[in-house]
Amino acid sequence: LASMAALILFNVSSPILPAHAISGGGLDYASAELSKKDMSFSNGNFSKKDFSASIGNGINFSNSVFNGARFFKAQLKNADFTNSALAGVSFEEAILDGAVFKNVVAPSSYFSDSILAVKDLTGADLSEALVSPESIISKLCERKDLDVENPKTGVVTRESLMCP
């Protein structure tokens, strides 16, 4: 009984340290260097997979299904998502410099301000996508590559972003 009381006292009095790991316990591809994986990320189904904090610079993710996947804080410089299904995907705080999102279907996906660094949004359907902060929508709407219709949904990128 005394040892149990000491354990409880220790737990109550111990400082709580902040966690720095990505939540999810390293599921799927979280924190992985994807270029070192012996597999292809194009023409596949990766729905609901966790790519949080992964390093996917220059990786070909084209023609794949990633619905419900998570790319939180992933490094995706020059990654190619052409023709991919990205419904409900989180790109929160992902590094998207030079990434290609040509003809993607990404309804209800989440993007932070790094979407401004995407190289190509031609034909992207971003219907009901959440872009945060909302103040960057006006900058995003200034892009020249938003006037193309998505070949699958028929929605023009500019319209999907509700640009004026």
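The values are calculated or read from the model by the stated rules, or taken from the named source; none is laboratory data. Because the structure is a prediction, the values reported are computed rather than measured. Glycine gets a Cβ as well: all are built from the backbone with ideal geometry, and neighbour counts include every protein chain shown. When the accessible area is computed, the model is the full protein with side chains, heavy atoms only, and any ligands, DNA or RNA have been set aside. Shrake-Rupley method; radii C 1.70, N 1.55, O 1.52, S 1.80 Å.
At-a-glance table
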item: Residue that is farthest from Ser31 (Cα to Cα) [pool: residues in the stretch 46-72 that are open to solvent by 10 Å² or more (accessible area, probe 1.4 Å) and of a type in the set (A, V, I, L, M)]; result: Val65
item: Gly88 closer than 17 Å to Phe61 by Cβ, surrounded by fewer than 23 Cβ atoms within 10 Å (Cβ to Cβ) and not polar (S, T, N, Q); result: yes
item: Test: residue in the stretch 143-156 that is open to solvent by 30 Å² or more (accessible area, probe 1.4 Å) and touching a Phe, Trp or Tyr at 6+ places or on another chain (Cβ under 7 Å); result: no
item: Inter-residue pairs, beta-carbon under 8 Å, first in contact (Cβ under 8 Å) with a residue 12 or more places away in the chain and among the basic types (Lys, Arg) and in the stretch 44-72, second part of a strand (DSSP E or B) and crowded, with 20+ Cβ neighbours inside 10 Å, 6+ apart; result: Lys49/Arg70; Arg70/Asp50; Arg70/Ser90
item: Hits in the stretch 31-60 (condition: more than 18 Å from Glu92 (Cα to Cα) and out of contact with any Ser or Thr (no Cβ under 8 Å at 6 or more places or on another chain)); result: Ser35, Lys36, Lys37, Asp38, Met39, Ser40
item: Enumeration of residues in the stretch 94-131 that are hydroxyl-bearing (Ser, Thr, Tyr), open to solvent by 40 Å² or more (accessible area, probe 1.4 Å) and either in a loop (DSSP other than H, G, I, E, B) or in contact (Cβ under 8 Å) with a residue 24 or more places away in the chain (or both); result: Ser108
